[in-house]
Amino acid sequence: MVFFSSLTPVFIAIICVLIGVILKKNNGERGKHEIKSKPPSRPWVDEDLKDGSDHQVEEEEWQGFDENIAHVPFTAERYSEAEMIKRSQEFYKLLNKRRSVRFLSDEPVPREVIDNVIRTAGTSPSGAHTEPWTFVVVQDPEIKHKIREIVEEEEEINYKKRMGDRWVNDLKRLRTNWIKEYLDTAPYLILIFKQVYGRLPNGKRKTHYYNEISVSIACGILLAALQVLFLLKYSILITMRHVSAGYAQGHV
């Protein structure tokens, strides 16, 4: 009994070591499993924006391009410091006169002007130069009204369910609601769609990296172009709303 009593601490130590080895082994196997199951790194997917860049990875196929492909030459006009200061001040003053308004003029706008501002927006930078945007110009009164109905339906849901009391309360001082009469009044509506993916020549999907951010930048350039062109003559409004393209196609 004395012999076994003296060995008890040894047995306890051995048991503890065995338990430690077993736990370490299990944790190691679990870690390997987690590493194997972890999805591949996709840094272009913004977790906050959820822009859909991780759409159907298994269908994609990387397609290399000729490294010697000709690029568009870059040229830049240089200005003196005084000229740079002057131009920056003038540009700021011009854009600082932009306002978000909800009462628009129905005065006609030359279609060529609309086409040119869209071309200007198309010069925007984009992830991997994928240019993941589609601009659609609507002039037909009946289609504009259908678009208004779709937007108002979604906006009513936003105000009553999605945005929450705090957001709705913050909008009260702006006296806004889900009624969008100006969508009928404006001579043109410019609809901007993001392309979550493109198509390769073989029909497989091609990732459009940072598509949400890229389209947002293009919208900013569009706003600036409209402000520069229409400042003295037209009232301009760009309204940005997220509406399902599939839903819209089914109702327009």
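The values are calculated or read from the model by the stated rules, or taken from the named source; none is laboratory data. The structure presented is a predicted model; accordingly, all values stated were derived computationally and were not measured. No Cβ is skipped: glycine too gets one built from the backbone with ideal geometry, and neighbour counts run over all protein chains shown.
Being part of a helix (DSSP H, G or I), surrounded by 10 or more Cβ atoms within 10 Å (Cβ to Cβ) and in contact with a helix residue (DSSP H, G or I) (Cβ under 7 Å, 6 or more places away or on another chain): is that true of Leu94 here?
Numbers: part of a helix (DSSP H, G or I): yes; surrounded by 10 or more Cβ atoms within 10 Å (Cβ to Cβ): yes; in contact with a helix residue (DSSP H, G or I) (Cβ under 7 Å, 6 or more places away or on another chain): yes.
Yes: the conditions hold for Leu94.
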Breaking point among (1) surrounded by 10 or more Cβ atoms within 10 Å (Cβ to Cβ); (2) assigned to a helix (DSSP H, G or I), for Val101: (2)
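Take the stretch 167-201 and flag every residue that is in contact with an Asp or Glu (Cβ under 7 Å, 6 or more places away or on another chain) and either assigned to a loop (DSSP other than H, G, I, E, B) or not assigned by TED's automatic domain parsing to the domain that holds Val117 (or both). Please lay out each step first, then the result.
Pass one, the stretch 167-201, residues in contact with an Asp or Glu (Cβ under 7 Å, 6 or more places away or on another chain): 178-180, 185, 187, 194, 200.
The answer is Trp178, Ile179, Lys180, Pro187, Leu200.
If only one of Asp184, Asp140, Asp170, Asp115 is at pLDDT 90 or above and in contact with a His (Cβ under 7 Å, 6 or more places away or on another chain), which one is it? Full working, then the answer.
Numbers: Asp140 fails: in contact with a His (Cβ under 7 Å, 6 or more places away or on another chain); Asp170 fails: in contact with a His (Cβ under 7 Å, 6 or more places away or on another chain); Asp115 fails: in contact with a His (Cβ under 7 Å, 6 or more places away or on another chain).
Answer to the check: Asp184.
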Complete set of residues in the stretch 85-110 that are touching a residue at least 12 places away in the same chain (Cβ under 8 Å) and under 17 Å from Thr185 (Cα atoms): Ser100, Val101, Arg102, Phe103, Leu104, Ser105, Asp106, Glu107, Pro108, Val109
Any hit, the stretch 228-248, residues being of a type outside the set (A, V, I, L, M, F, W, C), closer than 30 Å to Glu90 by Cα and either modelled with pLDDT of 90 or more or not assigned by TED's automatic domain parsing to the domain that holds Pro132 (or both): no
